[in-house]
Amino acid sequence: MSDRTPATAANPDHARASLEALRAEIAKAVVGQDSAVTGLVVALLCRGHVLLEGVPGVAKTLLVRSLAASLELDTKRVQFTPDLMPSDVTGSLIYDARTAKFSFQAGPVFTNLLLADEINRTPPKTQSSLLEAMEERQVTVDGTPRPLPEPFLVAATQNPVEYEGTYPLPEAQLDRFLLKLTVPLPSRADEINVLTRHAEGFNPRDLQAAGVRPVAGAADLEAARAAVAKTSVSAEITGYVVDICRATRESPSLSLGVSPRGATALLSTARAWAWLTGRDYVTPDDVKALALPTLRHRIQLRPEAEMEGVTADSVITSVLAHVPVPR
């Protein structure tokens, strides 16, 4: 446990330093992936959820486990499989023969940080069991709503949708994720570093032995979120965000552009990134920095564009290049 006091934990500057320290802690277990780490921190600040996509074996699960080990928060992990039932995630009513009554047994979703591992390997019915939890931060069983702990974050991993045994996430659920982060294969230098660590005895299943320790907690998050809420946004920046999102709706490569909810999400993530970098105002560069992870899962390509090799990232990049930047 950390030796921080409540007084220092409530200080916004200390909160920023604590969240920045997450990078160093996670780096003890995960090589590279700085953009994914940044995205996870931004999601924590925005009370959002994160979808991590990458091929098997690029440390998606290790990344989230390292984040959990760096935070003084309750965490649980669910391995999503084809036979997983919704009640295995949310909980269910259990009959107690001694009292002749039903009692609610909470599922793993009742935690601060839920690792939903390989979420697209379970059928849509079970995937949708997370919808209410992610949006309303509560679970309703037998007509009774039960609030989830605060803070609450779902960090889901998935393999690319063209892989065997995967079920594409419905658009409604994709839209509940604040960010979609891609986890690429490491560079040659990073891969050599990974193998060197393993040769020296690194065990990815024992993060404590790797020296990963909690450096931030709920009080830091509360102070940081309050500071982010005070980060100013000019009318020009608001207009810039709207223009970017409206431009996606007019793109000939897309059948579905970014919704107003997506525009709100981009404004929130840009605000959090501005505060993390030490400013109390948002710049166009902040918006550009978070545009890809915030918007890439909120648009749909036309089949003909997909066949021509167009990607969601290339469409958003093109939009950013053509929408006028406020001075």
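Numbers at a glance
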quantity	calculated
Unique residue being at pLDDT below 95 and within 29 Å of residue 317 (Cα to Cα) when the list is 243, 175, 220, 206	175
Exclusive hit being closer than 20 Å to residue 42 by Cα and hydroxyl-bearing (Ser, Thr, Tyr), set 248, 231	231
Tally, over the range 91-130, of residues that are polar (S, T, N, Q) and over 19 Å from residue 170 (Cα atoms)	6
Odd one out for residue 266 among (1) closer than 20 Å to residue 45 by Cα; (2) in contact with a Gly (Cβ under 8 Å, 6 or more places away or on another chain); (3) of a type outside the set (Gly, Ala, Ser)	(2)
Flag for residue 252 being surrounded by 12 or more Cβ atoms within 10 Å (Cβ to Cβ), out of contact with any Pro (no Cβ under 6 Å at 6 or more places or on another chain) and assigned to a loop (DSSP other than H, G, I, E, B)	no
Residue that is touching a Lys or Arg at 6+ places or on another chain (Cβ under 9 Å), in contact (Cβ under 8 Å) with a residue 60 or more places away in the chain and not charged (D, E, K, R), where the choices are 211, 239, 257	211
Matching helices (runs of 4 or more DSSP H) fully within the range 1-103 where at least 3 residues are at pLDDT 85 or above and among the charged types (D, E, K, R)	12-27
For residue 180: the one exception among (1) outside any helix (DSSP H, G or I); (2) modelled with pLDDT of 90 or more; (3) out of contact with any helix residue (DSSP H, G or I) (no Cβ under 7 Å at 6 or more places or on another chain); (4) of a type outside the set (A, V, I, L, M)	(3)
Residue match in the range 93-101 (condition: open to solvent by 50 Å² or more (accessible area, probe 1.4 Å), touching a Phe, Trp or Tyr at 6+ places or on another chain (Cβ under 6 Å) and either within 22 Å of residue 41 (Cβ to Cβ) or not hydrophobic (A, V, I, L, M, F, W, C) (or both))	yes
Close pairs (6 angstrom Cβ cut-off, 6 or more residues apart or separate chains): in contact (Cβ under 8 Å) with a residue 24 or more places away in the chain and surrounded by 14 or more Cβ atoms within 10 Å (Cβ to Cβ) in the range 182-203, part of a helix (DSSP H, G or I) and of a type in the set (Lys, Arg) anywhere	183/60
All helices (runs of 4 or more DSSP H) inside the range 255-319 with 2 or more residues being within 20 Å of residue 236 (Cα to Cα) and open to solvent by less than 30 Å² (accessible area, probe 1.4 Å)	260-276, 284-295
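The values are calculated or read from the model by the stated rules, or taken from the named source; none is laboratory data. What you see is a predicted model, and the numbers here were worked out from it, not measured in a lab. All Cβ positions, glycine included, derive from the backbone under ideal geometry; neighbour counts span all protein chains shown. Side chains are part of the model used for accessible areas, which takes the heavy atoms of the whole protein and leaves out ligands, DNA and RNA. Shrake-Rupley method; radii C 1.70, N 1.55, O 1.52, S 1.80 Å.
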